[in-house]
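Let me begin by presenting the structure, written as C-alpha cells, before commenting on it.
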Amino acid sequence: MTPQYAPHPDPILITGANRGLGLSIAKALSMLGQSMVLIGRTKESLQKAISENELLRAKAVVCDFSKDPASEIDRHVRECGPISGVIHCASMFGGSLTQSNLAEIDDWGRLFSNSLVLSKACLILMKGHGGRMVFVGSVVGGVGRVSADYGPYSVYKGALRLLAEGVTKEGLGNRVTASYLNLGSFREDEAALEKPASFIKESDVVGAILSLIYTQLDIRIDQVDLLPTTEI
Ligand SMILES: NC(=O)c1ccc[n+]([C@@H]2O[C@H](COP(=O)([O-])OP(=O)(O)OC[C@H]3O[C@@H](n4cnc5c(N)ncnc54)[C@H](OP(=O)(O)O)[C@@H]3O)[C@@H](O)[C@H]2O)c1
C-alpha cells in the first residue's frame, strides 16, 4: 500500500514516464492526486500511458533527450511553468551502447548534455518555492570496470551522481536539492521471484522515490542506495 502524502501544489516532472519505472511512479503519484508533467519521446506513447492508466492530472510533453538540441529541451521544460520536483528516469540503454559503437556516440553525448540542461531549467522553475530532484542512477554508475555493454552507461550514471551534487550546491539558497538513486536490478518477473535476494521489487523503488519527493526540503538526501543483499 502506498503511504499517504499530501500532494505538492505544483506538478512533479517525470522523464521516461511512458513506460517502465517512470510510468509506475506516475501511477503512484496519480493515486495521491499529484499533478504531473510526463515527458516521453513520442506523443502517442505518452497519450496511451495517460489514457490506459487514467492519469487525470498529467500533462504530456514530448522531448527526446538523445536527439533534441539543448535549446529545444530547455524551451520545452521551461514552458512547463513552476514545478515542485523532478524524477529523471529516462535512460538510454538497450544493450547496444558499447564503447566501440560509435554510431550512437552523438546520441549518448546529447543525453549527457541534455540532463544538464534539464537540471538547469528545473533549478529556475523551482526557485522561490523549492523542491527535490531525483536522478535515477544505477549501481554501475560507481564502477568503471564493467562489461563492455555497460561502459558508456556507467559513465553516464556516474555523471548523474555528480550532477545531483552540483544541483544541491547551487540550489541550497532556494531550497532546491537533488538526490542520486544508486539502484541495483529491479524486476518482478518469475525468474526474479525465484531469486528474491538478487533483485529489488519495482514497488520498493517507487516507494523510495515517493519518500524522497515528499520528505521535507530542509533535509539533504544526497544519495540513496537500493541494492539487493547479494551486492555486498
Ligand atoms: N531496470 C533495472 O533493473 C534498472 C537497474 C538500475 C537502474 N535502472 C534505471 O532505472 C530507470 C528506469 O528503468 P526501466 O527499466 O524502467 O527503463 P525502461 O523500461 O527501459 O524505460 C526507459 C524510459 O526511458 C525513455 N527513454 C529512453 N531513451 C530516451 C531518450 N533518448 N529521451 C527520452 N526518453 C528516453 C524510454 O522511452 P521510450 O519508451 O520512448 O523508449 C522509457 O520511457 C532508468 O534510468 C534505468 O537506467 C534500471
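Any read-out appearing in this document is the output of simple, stated calculations on the displayed coordinates, not a laboratory observation. Given the structure is predicted, the values throughout are model-derived calculations rather than measurements. So basically every Cβ, Gly included, is an ideal-geometry build from the backbone, and we count neighbours across all protein chains shown.
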Discussion item. Charges on Cβ only, +1 for Lys and Arg, -1 for Asp and Glu, centred on the Cα centroid of the chain; of Ser30, Ala121, Leu193, which one is farthest towards the dipole's positive end?
Written reply: Ala121
Worksheet item: To the nearest 500 deg cm²/dmol, what mean residue ellipticity at 222 nm is calculated for the chain from DSSP H runs of n ≥ 4 alone, each contributing -39,500 (n - 2.57), summed and divided by the residues?
Response: -12500 deg cm²/dmol
Fill in: Relative contact order %, the stretch 25-139, counting alpha carbon pairs below 8 Å whose residues are six or more apart
28
Worksheet entry | Volume per residue of the C-alpha convex hull in the chain, rounded to whole Å³ | 126
Practice prompt. Taking the dipole about the Cα centre of the chain, with the C-beta of Lys and Arg at +1 and of Asp and Glu at -1, give me whichever of Tyr153, Thr168, Ser138 is farthest to the positive side.
Written response: Thr168
Discussion item. For the chain, what does the relative contact order come out to in percent, with C-alpha contacts under 8 Å and a separation of six or more?
Written reply: 17
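Mind checking the dipole of the chain: about its Cα centre, +1 per Lys or Arg Cβ, -1 per Asp or Glu Cβ, Debye to the nearest 20?
Computed charge dipole of the chain: roughly 540 debye.
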Worksheet item: What is the dipole size for the stretch 116-181, taken about its Cα centre, with +1 at each Lys and Arg Cβ and -1 at each Asp and Glu Cβ, in debye to the nearest 20?
Response: 160
Worksheet, complete the sentence: In terms of the charge dipole of the chain, which places +1 on Lys and Arg and -1 on Asp and Glu at the beta carbon, the residue among Asn18, Leu217, Thr229 farthest towards the positive end is Leu217
Worksheet item: If packing is taken as the mean number of other Cβ atoms within 10 Å per residue, what is the order of 18-26, 121-129, highest first?
Response: 18-26, 121-129
Discussion item. Greater than 27 Å separation of Cα atoms is the criterion. Which listed pairs, Lys120/Lys157; Lys67/Lys169; Lys67/Lys195; Lys59/Lys120; Lys27/Lys157, meet it?
Written reply: Lys67/Lys169; Lys67/Lys195
